[in-house]
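Beneath this line is the structure, given in structure tokens, with notes to follow.
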Amino acid sequence: MCARKIQMPREVYIGPGVVHETGEICSSLKLFKDIVLVTGNNTYDIAAKPTISSLEEYDFNIDIVKVHEASFDSVNEVKELTTENSTVIGIGGGKVIDVAKLASFDENAYFVSMPTAASHDGMLSPQASIKDSKKATSVKAHAPIAVIGDSEIIANAPPRLLSAGCADLISNFTAIKDWKLAHRLKHDSYSSSAASLSLMSAKLITDNAENIKPGLEESARLVIKSLFSSGMAISIAGSSRPASGSEHKFSHALDLINEKSGLHGEQCGIGTILMMNVYGGDWEFIRDSLKAVGAPTTAKELGVSDDDIIEALTLAHTIRPERYTILGDNGFSKDAAYEIAIKTGVI
């Protein structure tokens, strides 16, 4: 068997106020002095400004790129300023981090991940989700050399983002079921260590669901650590399989149908309720856990129509057809989709 490289961050910093130590961290890692700082409009004021001040204290040269969407155009904009002698720092949510991650990978540059919200596990994983037209495409990238997660900033992010991150983690339960199914029926490669780590990440959330509250630094720290370990599972597996299955296909299908649908993690959470029901598992436990962390469990709470849910269920099997899941090759009929959605109370 050929050896396979597993990429992990060299250093991880999680705690209140750690953003102010960015210059010291980058200096201790001996990163290149030319920094391409990728951020968004909101996250610029919240986290990029103190990061810039910290970097300037250690004589780093900084170019700033503000991105508005995770598109290949945004990636190319960052690449224009990036060389293999640069360090790319992504400061923001999933879109910003994915753009910074892929641009740095393409230019063979170091990448530092600085999430400002605990909304999904992309902060660490070696995968980037980039939109091509309307469709999100999963692209191979690389893991960051360092992760700097300021739990104080993350705690003060909109509560909905923390709930979405919890829902994204809870979706690991069905992702692992799908992965095991594909291993049995299609002989897909499978890693028991990655699967165990993924499930542990999900259980950390469900075991502490009643204690995860918006605005609490301790809650933010717990969720970001869980997202970190979920991202590690992806790195170990060499694919997003440990954290992405039929529930993610459902979410991506919903994106195609309704551009103004919910957050990625919220949609995956509802997808997990539906798919756990199909598996004959404890979907009520999934639903109750999502409710406990403040995530939506119905179409109405998500802000989409019942028809959108049904259409997404019938379309989901066409998303990444090479990735086998409980959806099978033919998906669900409209009648079956209605039965699943009504039984679980999603519609």
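No lab work stands behind these numbers, since they all come straight from the coordinates. Owing to the predicted nature of the structure, the values given are computational and were not obtained by experimental measurement. Here Cβ is always computed from backbone atoms with ideal geometry, including for glycine, and neighbour counts include all displayed protein chains.
For the reader, a short list of remarks on this structure follows.
- Near Asp59: Cβ cut-off under 14 Å, other residues only, Lys/Arg at +1 and Asp/Glu at -1. The net charge is -2.
- Of Lys203, Lys180, Lys300, the one that fluctuates the most in a GNM where the chain has Cα springs shorter than 10 Å: Lys300
- Top of Leu274, Leu227, Leu55 by mean-square fluctuation, Gaussian network on the chain, Cα under 10 Å: Leu55
- Size descriptors for the range 11-155, from the alpha-carbon set: Rg then Dmax equal 13.5, 41 Å.
- When DSSP beta bridges are restricted to pairs lying wholly in the range 111-228, around 75% turn out antiparallel.
- Estimated purely from DSSP H runs of n ≥ 4, each contributing -39500 (n - 2.57), the mean residue ellipticity at 222 nm for the chain is -14500 deg cm²/dmol once divided by its residues.
- The alpha carbon centroids of the range 204-229 and the range 121-188 are separated by 16 Å.
- Here semi-axes √(5λ) of the Cα gyration tensor in Å was calculated from the structure, and among (1) 33, 21, 19; (2) 38, 24, 17; (3) 30, 21, 21 it sits at label (1).
- DSSP bridge pairs, the range 1-150: antiparallel proportion in percent, nearest 5: 20 percent
- Local electrostatic count at Ile234 - Lys and Arg +1, Asp and Glu -1, tallied over other residues with Cβ under 11 Å: 0
- Once the Cα atoms are used to define both axes, helix 246-257 deviates from the longest principal axis of the chain by about 80 degrees.
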